[in-house]
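Chemist: Supplied in structure tokens, the structure appears directly below.
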Amino acid sequence: MEIRAASDYYAQLVALLPLGPAWDVERLPELREVLTCAAQELAREDLRLSDLHEEMFPESVRELVPDWERVMDLPDPCLGENPAFEDRQLAVRRRLVEVGGQSRAFFIQLAVSQGYPDATITEHRAPRFGRSRFGRDHFGTWAVQFMWTLNTGARRRLGRRFGASFWGERFGSNPSGALECVIRRGAPAHALEFINYGAGE
């Protein structure tokens, strides 16, 4: 979306004036001042219209995050009582486009969205005769076949930073409670999930 400057609006307003000496901006400084003020206001409104266009999409929303949250029944309880602004933006985007699932890819994507780009999943299987190797496999309980471990790997998004944070946010590392909450909320009821946290960068 093209944003016009005050000088562009001033030139447009001058071009729209009627002909004649009564409307000559070179002879009437009062008229020039009126048109200059009008051009500045039109440029400000143009800029705010561009901001409104950005606020319509959850990828770029900032000012209207509370309105998006009201419509989408947010903030997410997994984020705690005082979620960071960046996490609230992410929750709005996820609520709009997330479909859900029970595949490995779905849970890995949940971890990636929480700042763990190298996440992997290890599925545990109950050892059985014919599939197990002597000296290598350990026999466990029947419930072992429903266990899986999310290996987070190193965390990339290590807290708030200048240029990507909102005024009033606390700088420091993010807690991992949100990851555990979203993983356990989305996991199948019969599954036993574990999280193996990797070392941070």
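Computed from the coordinates by the stated procedures, all read-outs in this text should not be read as laboratory data. Everything numeric in this text was worked out from a predicted model, so none of it was measured. Here Cβ is always computed from backbone atoms with ideal geometry, including for glycine, and neighbour counts include all displayed protein chains.
Chemist: I'd like to compare 40-53, 64-77, 14-27: which one has the highest average count of other Cβ atoms within 10 Å, and what's the full order after that?
Modeler: Ranked by mean Cβ neighbours within 10 Å, highest first: 64-77, 40-53, 14-27.
Chemist: Here's a follow-up. The stretch 1-123: D in µm²/s via Stokes-Einstein (Kirkwood Rh, Cα pairs, 25 °C, 0.890 mPa s)?
Modeler: 131 µm²/s
Chemist: Among rounded, prolate and oblate, which fits the stretch 6-55 when a ≥ b ≥ c are the square roots of the eigenvalues of its C-alpha gyration tensor, a/c under 1.5 means rounded, and a/b larger than b/c means prolate?
Modeler: In terms of gyration-tensor shape, prolate.
Chemist: Let me know the shape class of the stretch 58-98, please: from the alpha-carbon gyration tensor, a ≥ b ≥ c as square roots of the eigenvalues, rounded when a/c is under 1.5, otherwise prolate if a/b is greater than b/c, or oblate.
Modeler: Rounded is the answer for the stretch 58-98, as its axis ratio a/c remains below 1.5.
Chemist: Between I3 and V112, what is the label-point separation in nm under the 7 Å Cα-to-beta-carbon projection?
Modeler: The modelled label-to-label distance comes out at 3.1 nm.
Chemist: I would also like to ask the following. So who's got an amide H within less than 5 Å of the one on M147, skipping anything under 5 residues away but keeping other chains? H placed 1.01 Å off N, in plane.
Modeler: For M147, the qualifying residues are H124, L192.
Chemist: Could you let me know the centre-to-centre spacing of the stretch 12-30 and the stretch 45-80, using Cα atoms, in angstrom?
Modeler: Using only Cα atoms to place each centre, the spacing works out to 42 Å.
Chemist: Right, something else. List, in order, the whole-Hz ³J(HN,Hα) value for each residue of the stretch 45-56 obtained from phi through the Karplus relation with A = 6.51, B = -1.76, C = 1.60 and θ = phi - 60°; use x for Gly and Pro.
Modeler: Once θ is set to phi - 60°, the couplings for the stretch 45-56 become 5, 5, 5, 5, 5, 5, 4, 4, 4, 5, 6, 6 Hz.
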